[in-house]
1. Taking the chain as a Gaussian network, where each spring joins two C-alpha atoms under 10 Å apart, which residue of Cys321, Cys32, Cys252 fluctuates the most?
2. Kirkwood hydrodynamic radius (Cα pairs, Å) of region 1-144?
3. What's the local net charge at Thr61, with K and R +1, D and E -1, over the other residues with C-beta under 10 Å away?
4. State, to one decimal in nm, how far the label point of Arg281 lies from the label point of Glu388, with both points 7 Å from Cα in the Cβ direction.
5. For the chain, build the convex hull from the C-alpha positions and give me its volume per residue in Å³.
6. Quick one: work out Rg over Rh on the C-alpha atoms of region 274-340, Rh as Kirkwood radius.
7. Given the options Leu192, Leu89, Leu41, state which has the largest fluctuation in a GNM of the chain using a 10 Å cut-off (strictly under) for Cα springs.
8. Find how much the distance from Thr223 to Thr317 grows on full extension, using 0.36 nm per residue of separation minus their present alpha carbon separation; answer in nm with one decimal.
Amino acid sequence: MLITGGHPLMGEITVSGGKNTAVAVIPAVLLCDEPCTIENLPDIDDVHALIEILQRLGAETEYVPGRYLTVDPRGANGYRVPFSLTKRLRASYYLLGALLGRGGRAEVAYPGGCDIGSRPIDQHLKGFSALGAQIEDRGGMVYANAERLLGGDVFFDMVTVGGTINVMLAAARAEGTTVIYNAAKEPHIVDLANFLNSMGARVKGAGTDVIRIRGMQHLHSCTYTVIPDQIETGTLMIAAAATRGDVTIHGCIPTHMEALTAKLLEMGVRVTENDDSIRVRPQGEQRAVNVKTQVYPGFPTDLQQPMTALLCMAHGTSTVCETIFEQRFKHLDELRRMGAHIKLVDRTVLIEGVRELYGAPVTVTDLRAGAALVVAGLMAKGVTEIYETSYIDRGYERIEEKLRSLGAEIRREKI
Ligand code: EPU
């Protein structure tokens, strides 16, 4: 990806459907006894990979990118998902909860996805055990079996998005009621609950830290529209601020963006909200701020890396503390190549704002590191060459086309 920086982003853009919602909702269709249609899916690699997994399990699918995905799960008799399929995405672990709920049996290889720390799934497995499943974890595979899946109480040791979703999936078809304590509250948890309820499930409390799921014997067909992508919205807001542009983002949910909006306002960026749009405009000098990632509604870890890029040119010294993933810092070396003054102390990035960043060859190591390098490239003087861009395609739909429509000079070459 080649970016010639220094062009302010200007204009209007519509955000795509949420990646982290899509990757939960697609496997959830396996819990249904009838075909379901999902709309507003982002056309990204993670979605393609999941559709392929459902097909391999025996489901029939019809996917028209940008319009809908219909999944008929009736023929999905498979229960084994090998590493060749799970290595493409982290969210393949949702097949565990979905298959366990569907037929009481799942054999799923450990997931691939972005390398941003050790990312264990012990809490997911603990949750399945609480529902009566026998779990074996050997040779890079998780084997989960349950003759009868019974609702139970699940207490998470830490707030886990993946664990909350996985247990919700299995519990939707368990006998009796499951209660998840210390549940994650991210917007995509609520969206998954809404999808399950649209199929006739009984999920209550999503969006709070206690979720109650009454398992149902039968779930029925529905058509569901996934929510807009919180992180794409945030990335575009940051890119607008980074280039001192004037961008209105349509089709987003401003209340999901409060933590970022508050930080941008603190930096001196003008942010105005309507019901389903956000406008970001410059307003004089941008000031350094301190950011700490937290579970929702705190500042999202998925925006930590692009935010760090933005702060590289803010006036003063900023700190960015990452509390969720211990190794989500691989973008820092690349930002340094571009002239950023940054230091990592434990899990806190100290950023001394510089007047300019310079284009340089940089390499993407994970999805949001990619977003950070795109933001930095848009701010920098000269040409930034970004390698390993396939990470970016895991989670951002048509990113260069969207940025180009806002005036960015960005293109991709195959080498
Ligand atoms: N954790 C455990 N044990 C578990 C589960 C989690 O120790 O069983 C730890 C993790 O290692 C991490 C923390 O708990 O330190 C939080 O992990 P969480 O389970 O919440 O994250 P995740 O399910 O692995 C999802 C998103 C991530 C996003 C995080 C936090 C998907 C597929 N992934 O990951 O998205 O960063 O929640 O919001 O939805 C991304 O989109 O770039 C991305 C990485």
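Read-outs: derived from the displayed coordinates by stated rules, not from any lab. Not measured: the values here are computed from a predicted model. FYI the Cβ positions are ideal-geometry reconstructions off the backbone, even for glycines, and counts take in every protein chain you see.
1. Cys321
2. One over the average 1/r among Cα pairs gives 16.4 Å for region 1-144.
3. -4
4. Modelled inter-label distance: 4.0 nm.
5. It comes to 122 Å³ per residue, whole-number rounded.
6. For region 274-340, the value is 1.00.
7. With Cα springs under 10 Å in the chain, the top fluctuation among Leu192, Leu89, Leu41 is at Leu89.
8. That works out to 29.0 nm of additional length.
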